[in-house]
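No lab work stands behind these numbers, since they all come straight from the coordinates. From a predicted model like this one, the values you see are computed outputs, not experimental measurements. Cβ placement follows ideal geometry from the backbone for every residue including glycine, while neighbour counts extend to all protein chains displayed.
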Amino acid sequence: MSMRSSITLVAVVAIGCTGSRTPSPSPVTTADITAGDLRHRLFIIAHDSMQGRETGSEGDYQTQEYIASEFRRLGLEPAGENGTYFQTVPFWRVAIDPQSTLNVDGTPLKVFLEFIPTNSGAAPMQLGPTTAIYGGSLADTAGLVAPAEVAGQIVVVDVPPGTTRMAGLVTARYREAALRVRVQLELVAPEQMARFRDGRPVPDTGRFPGALQSVLVTRAVAARIFDADLATLAPGAKGKSISGTLDYARTPTPRPARNVVAILRGRDPALAGQYLSLTAHNDHVGFDRSPVDHDSLRAFNRVVRPMGADSPQRDPTPDESVRIHAVLDSLRAVNPPRQDSIRNGADDDGSGTVAILEIAEKLARGPRPRRSVLFVSHTGEEDGLVGSRWYTDHATVPADSIVAEIDEDMVGRGLPSDLPGGFERPAATPTYLEVIGARRLSREFGDTLEAANARQPVPFVFDYTYDAPGHPLQYYCRADHYSYARYGIPAVAFSRGEHLDYHQITDESQYIDYPDLARVANMVYTAALAITNMPHRPTRDAPKPPLNQPCRQ
């Protein structure tokens, strides 16, 4: 039974949710960093009218306009292109071509409902009738057929629940197959299916030599291919022939994708040409075409997907279904059913965005630091750190003049109800803060951050778990700070961690912990003052990493 049927997620036609409220007329924010100012700003940035701020969308464009207007109001210098606050990053939208076809013995399947191609970088594919061979199940990798047995044929591999993170093995193992078919379409989460159906932004329109196309199908389709349940088949069993045409369409994004860049000029003429960069990303992942009940989804994720999109999509157990309904009953006592389709991104990364705006306001009110502060609101983080990579590759100040970088991403949550423990991470507390990269290039930089934190009224406990080399979650490579670190710039990513609303329609302003968000922003402000007033730049005591090599956790 699917997630929707198990907790009655009802689709409607309209887009929107009653959970986000129209912002009131903008008051003048205070010079200090306050919970009230942060809340006011976030209800603007994560409002439904921004439609999830997908890169290149009207909503993200308007968010960038708001950020630039605040930089202008605060008297910061424009540091984008041509005397503006903006730096345009090339983007296009890529989506499955709805004319794509797949036929089993000549009988067509329905795109999106019964099959989807997965690789937008692969060349358009014309597939003549080709025999399907059952390759086995990822639950028993030792029993998979040898690559030579399916060379030039279509290999069909079962991807049962719990094995989806191994799915890349199918492409790596069967590169010589005519097509790789994975039986896992039911396991595709709603947020992933929305991007397959509606498209996603990409930084170029090129096809990639050697890129291989794969297809996801439902379990029912797999049974039709072999006239049998997969559980009854031995690897190597032959099925029916498959043919079709597979492609992705490319179109310009509705609006330009832009980084927003500004400078607070330092007071010391000898140091004003050096910069501390404070960053966050303004984009998120847009909206769905199929609204669902907000509280039903939240109840489901509370029990089954406690880390949101980073938890695998699966059906609940009978015991979990009981718990889901108990949670939903408690929510129904407060809220009527409310349809929602917009992934507002209040925490990811509205929280970091409003934090750097508040820090900019406090710094601008004085006293000015000795060094300059470079504020960069990146676009395209959700599309592979594209905006931050573009900025560091085309920096509007000399890259070697940036002495350090501090990135804030998802800093608005982090209570025990958000991170209850388990799930490969400790339980959160009011002092929980994930710290990634602080000492990778400079121990002095990391020590300065620790010292700034120690001066707070309630210091955070820096958790370095996810900074460990080789950690499987790869956080060091998943945040915008890495774009700076690859240039040898000491860089850190601060986060209060993932939660049940990560990349979900429920990531809304109403769930943010504003007092603790203010604590994070005040700590970063203190660190910024310490770094910008140091007599020397943070000493780098590790080799500069190879610039264009793949990131290594």
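Based on the Kirkwood radius over alpha-carbon pairs, what is the Stokes-Einstein translational diffusion coefficient of the stretch 264-423 at 10 °C with 1.306 mPa s viscosity, in µm²/s? Spell out each step's value before the answer.
On the way: Rh = 18.8 Å.
The estimated diffusion coefficient comes to 85 µm²/s.
Counting other Cβ atoms within 10 Å of each Cβ, which trypsin sites (Lys or Arg not before Pro) in the stretch 400-475 have at most 14 and sit in a DSSP loop? Please list the in-between numbers first.
Working: sites: ARG413, ARG439, ARG440, ARG443, ARG455; in loops: ARG413, ARG439, ARG440, ARG455.
Passing both the DSSP loop test and the Cβ count: ARG455.
Hey, what did the chain get for relative contact order, percent, Cα under 8 Å, at least 6 apart? Before the final figure, lay out each step's value.
Numbers: 1253 pairs, mean separation 115.0, N = 553.
Answer for the chain is 21 percent.
Once Lys and Arg get +1 and Asp and Glu get -1 on their Cβ, which of ALA299, THR279, SER330 lies farthest toward the positive end of the dipole of the stretch 273-350?
Of ALA299, THR279, SER330, it is SER330.
What are the lysines whose alpha-carbon lies under 28 Å from the alpha-carbon of LYS238, with same-chain residues fewer than 8 places away excluded?
LYS110
If the chain between HIS471 and ASP310 were fully stretched, how many nm would it gain, using 0.36 nm times the residue separation less the Cα-Cα distance? If you can, show how the numbers build up before the last one.
Details: separation 161, 0.36 × 161 = 57.96 nm, distance 1.50 nm.
In short, 56.5 nm is gained.
Note down the nm distance, to one decimal, between modelled labels 7 Å out along Cα→Cβ at GLN126 and at ARG175.
2.6 nm
For the stretch 293-337, compute Rg over Rh where Rg is the Cα radius of gyration and Rh is the Kirkwood radius from the inverse mean 1/r over Cα pairs. Walk me through the numbers before you get to the answer.
On the way: Rg = 10.4 Å, Rh = 10.6 Å.
Taking Rg over the Kirkwood Rh, I get 0.97.
Once label points are set 7 Å from the Cα along Cα→Cβ at both TYR464 and LEU113, what is their separation, rounded to one decimal in nm?
5.5 nm
Full extension from ARG73 to ALA451: what is 0.36 nm times the residue separation minus their Cα-Cα distance, to one decimal in nm?
On the way: separation 378, 0.36 × 378 = 136.08 nm, distance 3.17 nm.
Stretched out fully, the ARG73 to ALA451 stretch lengthens by 132.9 nm.
On a straight-distance basis, which aspartates and glutamates could pair with LYS544 in a cross-link, Cα separation under 18 angstrom, same-chain partners fewer than 8 positions away excluded?
Hits, sequence-local ones excluded: ASP393, ASP400, GLU405, GLU444, ASP467, ASP480.
Please give the peptides 524-536, 92-104 ranked by average Cβ packing (other Cβ atoms within 10 Å per residue), highest first, as a rough proxy for protection. Don't skip to the answer; put the middle values down first.
Details: 524-536: 19.4, 92-104: 17.5.
So the peptides 524-536, 92-104, ranked by packing, come out 524-536, 92-104.
Can you tell me the FRET efficiency between ALA530 and THR251 if r is taken as the Cβ-Cβ distance and R0 is 45 Å, rounded to the nearest 0.05? Present the calculation step by step, with values, prior to reporting the outcome.
Numbers: r = 47 Å, r/R0 = 1.04.
The computed FRET efficiency comes out at 0.45.
May I ask for the equivalent-ellipsoid semi-axes of the chain, computed as the square root of five times each C-alpha gyration tensor eigenvalue and listed largest first in whole Å? Could you put the intermediate results ahead of the total?
Details: eigenvalues 363, 139, 97 Å².
Equivalent ellipsoid of the chain: 43, 26, 22 Å, largest first.
Rounded to the nearest 500, what is the chain's calculated 222 nm mean residue ellipticity when only DSSP H runs of at least 4 contribute -39500 (n - 2.57) each, over all residues?
-7500 deg cm²/dmol
Taking the chain as the reference, fit the longest principal axis to its C-alpha atoms, fit the long axis of helix 35-45 to the helix C-alpha atoms, and give the angle between the two in degrees, 0 to 90, nearest 10.
Approximately 50 degrees, to the nearest 10.
Could you sort 189-197, 118-126 so that the peptide with the highest average Cβ count within 10 Å comes first and the rest follow in order?
Working: 189-197: 18.4, 118-126: 16.2.
The most tightly packed comes first, giving 189-197, 118-126.
Where does each of 325-338, 135-148 land if you order them by average Cβ count within 10 Å, highest first?
Working: 325-338: 13.0, 135-148: 15.8.
Sorting 325-338, 135-148 by mean packing, highest first, produces 135-148, 325-338.
Figure the gain on full extension for THR84 and ASN103 (residue separation times 0.36 nm, minus the Cα-Cα span) and round it to one decimal in nm.
On the way: separation 19, 0.36 × 19 = 6.84 nm, distance 5.22 nm.
Extra length available between THR84 and ASN103 comes to 1.6 nm.
For a Förster distance of 45 Å, can you work out the FRET efficiency between the beta-carbons of ALA211 and SER401, rounded to the nearest 0.05? Walk me through the intermediate numbers first.
Working: r = 38 Å, r/R0 = 0.84.
Once rounded, the FRET efficiency stands at 0.75.
Under a straight-distance cross-link criterion of Cα-Cα below 12 Å, which aspartates and glutamates are reachable from LYS240, leaving out those fewer than 8 residues away in the same chain?
Straight-line reach from LYS240, under 12 Å: ASP105, ASP227.
I'd like the GluC sites (Glu not before Pro) in the stretch 403-491 restricted to DSSP loop residues with at most 12 other Cβ atoms within 10 Å, sorted by number. Don't skip to the answer; put the middle values down first.
On the way: sites: GLU405, GLU408, GLU424, GLU434, GLU444, GLU450; in loops: GLU424.
Those that pass, being in a loop and sparsely packed, are GLU424.
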